[in-house]
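Values quoted throughout were computed directly from the atomic coordinates according to the rules given, and no laboratory measurement underlies them. Please read these numbers as outputs of a predicted model, since none were measured by experiment. Note: ideal-geometry Cβ built from the backbone for every residue, glycine included; neighbour counts use all protein chains shown.
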């Protein structure tokens, strides 16, 4: 949809996810800019996507050797309240984590958060 005011009307007609080109373009530009910024600062962010009316960020981090997040069961790891580890991808296998899982160096970690501006895996920790 090219007009923002049509979005509300579209939901009235039962369209759950109207597509707005401006939003898609803005999302792509944001991903590109954040990716450039993160690569400049040696960040582990590989992917950033905003969902739920841009209130939630889904980030993919690469766990780096030496990270304080490694080898600690998720049930013990002190995550920020507004953050959830949704998946760990290890050697091409997707793990839907529970409290017993740990993050290993080289893992791809998908985090979902309402806290904007995370730039590295360690940002998921409290403090």
Practice task
Return the FRET efficiency for the residue pair residue 115, residue 74: r is the Cβ-Cβ distance, R0 is 25 Å, and the value is rounded to the nearest 0.05.
Solution key: 0.90
Exercise for the section: Please report 83, 93, 102, 114 as a ranked list, fewest other C-beta atoms within 10 angstrom at the top and most at the bottom. Expected result: 93, 114, 102, 83
Handout entry: Full-extension gain in nm, residue 65 to residue 96, via 0.36 nm per residue minus C-alpha separation
Key = 9.0 nm
Handout entry: Inter-part distance where segment 108-123 and segment 58-81 are each reduced to a Cα centre, Å
Key = 10
Exercise for the section: Would you mind ranking 69, 120, 94 by Cβ crowding within 10 Å, fewest neighbours first? Expected result: 94, 120, 69
